[in-house]
Amino acid sequence: MPIAPPPEELLEQPEMELMELFGRMRWLTEEAGFSGSLPSVWQCSDESQAIKKALFGYVFDCPVFNLGRVGALLDPNRLLTASRHGHDLIIHGGSHIGAREEGGIGYVDRVHGSKATCCGMLGRLLDEYLQLYRRAAALITLFRGVGGVKIEIPYKYLFHKPAQPVARIHIHLEKLADGEAVRDSSHGKVYRLNADFAARHERLLEAVSAEREPIGELLGADCFHFSKELDHQSLDPRTLLEVSLFEFLPDIVTSTRPHRRLVDVNTWRQFHRLASYLTDSFDSGERNILVVAGRTIDHSIRRNTFVPQFGFWMEQGRALQARYFGPQEVGELLRGAQVYRPPRSFLEYAGVPG
């Protein structure tokens, strides 16, 4: 059983405007005595993230060092290079999603006027598995028969095959069915409904009639798993993300907002990957390090807001005393800080004469 990501509702924290977020981060680090601070970011290489990166550098009066790749995939090896460019490190990162959600998928308008999935990389990764799940949820049916509710499962979900280069969904029959099939149907088998499943969904099952209807959202994450041959040695960004997220995909596709859930789970995975690297492998010396991670919401390619979800604070390289902040705690940390306001205009920071 994989370690479960934080619940969806816990990750739904208040949004912050970027200048407020970065201003509070700068105030916190100045109060803590950070010096020679290098702002660094891991995020998707999408053009919608460029304004965020520019404002981060503006508030800290230093161009931002890049730690990420497409899909907000962290490259921890770049931290070694970053450490040669600055002393204390202020790291901001996480995945992003378009603010306009349709059918559980986030979208943003691109500069040429077309609406596009955002984050596109994570959206394409999700699509393969989401379609498998939704097809199974539509083809597995429930109906009321003699003795109670029955479940009909097509043969395609009863024959388990070894992992293939393409993804497959495998139904956990014991979670849905009670004992042997009571009869065959034209394209599958009919079973009595599992007693535990029936008790868990008693109220929803009251509406089931003699007419077959899709199991739909009752096909929960514990009722199936995915299989696919994955190349764990690949350096391709999509494959790296897929390997990292594979065990959590049942939880993701069963969410009412699967794209957002994928974005949040990826941020959670990459944040803890970064924190582990900082405490176990990175030669931090006596550096101070602050990490704030979360979900960026793209209202357009020019405007983002940010939902803080995770924080990490290490003082003077003392890894054993490093502090971790969950979704509520990192929000409290930031809201407890004042908002630093740069004394120079953005044009002055960019070197444009007045």
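The values are calculated or read from the model by the stated rules, or taken from the named source; none is laboratory data. Values in this document were obtained by computation on a predicted structure and should not be read as measured data. All Cβ positions, glycine included, derive from the backbone under ideal geometry; neighbour counts span all protein chains shown. For the accessible areas, the whole protein counts, side chains as well, though only heavy atoms, and no ligand, DNA or RNA atoms are used. Shrake-Rupley method; radii C 1.70, N 1.55, O 1.52, S 1.80 Å.
Of the listed requirements (1) open to solvent by 10 Å² or more (accessible area, probe 1.4 Å); (2) assigned to a helix (DSSP H, G or I); (3) closer than 21 Å to Pro14 by Cβ; (4) not charged (D, E, K, R), Thr256 misses just one: (2). Counting only residues that are at pLDDT below 95, among the β-branched types (Val, Ile, Thr) and open to solvent by less than 60 Å² (accessible area, probe 1.4 Å), region 113-148 holds 1 of them.
Annotation note: Cβ proximity below 8 Å between a residue of region 340-354 that is free of Cβ contacts under 8 Å to residues at least 40 places away in the same chain and in a loop (DSSP other than H, G, I, E, B) and a residue that is among the hydrophobic types (A, V, I, L, M, F, W, C) and open to solvent by 90 Å² or more (accessible area, probe 1.4 Å) (sequence gap 6+ or interchain) occurs for Gly354/Leu347. Looking across region 276-308, the residues that are at pLDDT below 95 and either buried (at least 24 other Cβ atoms within 10 Å of the Cβ) or closer than 21 Å to Pro76 by Cβ (or both) come down to Ser276, Tyr277, Leu278, Thr279, Asp280, Ser281, Phe282, Asp283, Ser284, Gly285, Glu286, Arg287. Of the strands (runs of 3 or more DSSP E) contained entirely in region 27-101, not one carries at least 3 residues that are under 21 Å from Gly351 (Cβ atoms), without any contact (Cβ under 8 Å) to a residue 24 or more places away in the chain and open to solvent by 50 Å² or more (accessible area, probe 1.4 Å). Pairing residues of region 308-337 that are over 17 Å from Gln13 (Cα atoms) with residues that are open to solvent by 20 Å² or more (accessible area, probe 1.4 Å) and of a type in the set (Val, Ile, Thr), at Cβ distances under 6 Å and at least 6 apart in sequence or on separate chains, gives Ala319/Thr279; Ala322/Thr279. Of the strands (runs of 3 or more DSSP E) lying entirely inside region 114-189, those containing at least 3 residues that are in contact with a Gly (Cβ under 9 Å, 6 or more places away or on another chain) and either of a type in the set (Val, Ile, Thr) or on the phi < 0 side of the Ramachandran plot (or both) are 115-117, 148-154.
Among the residues of region 265-274, at least one is aliphatic (A, V, I, L, M) and within 26 Å of Asp222 (Cβ to Cβ). The residue pairs whose first member lies in region 204-222 and is in contact (Cβ under 8 Å) with a residue 40 or more places away in the chain and closer than 14 Å to Ala136 by Cβ, whose second member is in a loop (DSSP other than H, G, I, E, B) and aliphatic (A, V, I, L, M), and whose beta carbons are closer than 8 Å, counting only pairs six or more residues apart or on different chains, are Pro214/Ile140; Ile215/Ile140; Leu219/Ile140.
Of all residue pairs spaced 6 or more apart or on separate chains, those with beta-carbon atoms under 8 Å, a first member in region 232-261 that is without any contact (Cβ under 8 Å) to a residue 24 or more places away in the chain and more than 23 Å from Ala99 (Cβ to Cβ) and a second member that is open to solvent by 20 Å² or more (accessible area, probe 1.4 Å) and among the basic types (Lys, Arg) are Phe246/Lys228. Does Val190 fit the bill of being at pLDDT below 95 and of a type in the set (A, V, I, L, M, F, W, C)? Considered against the rule, which asks whether it is at pLDDT below 95 and of a type in the set (A, V, I, L, M, F, W, C), Val190 comes out as no.
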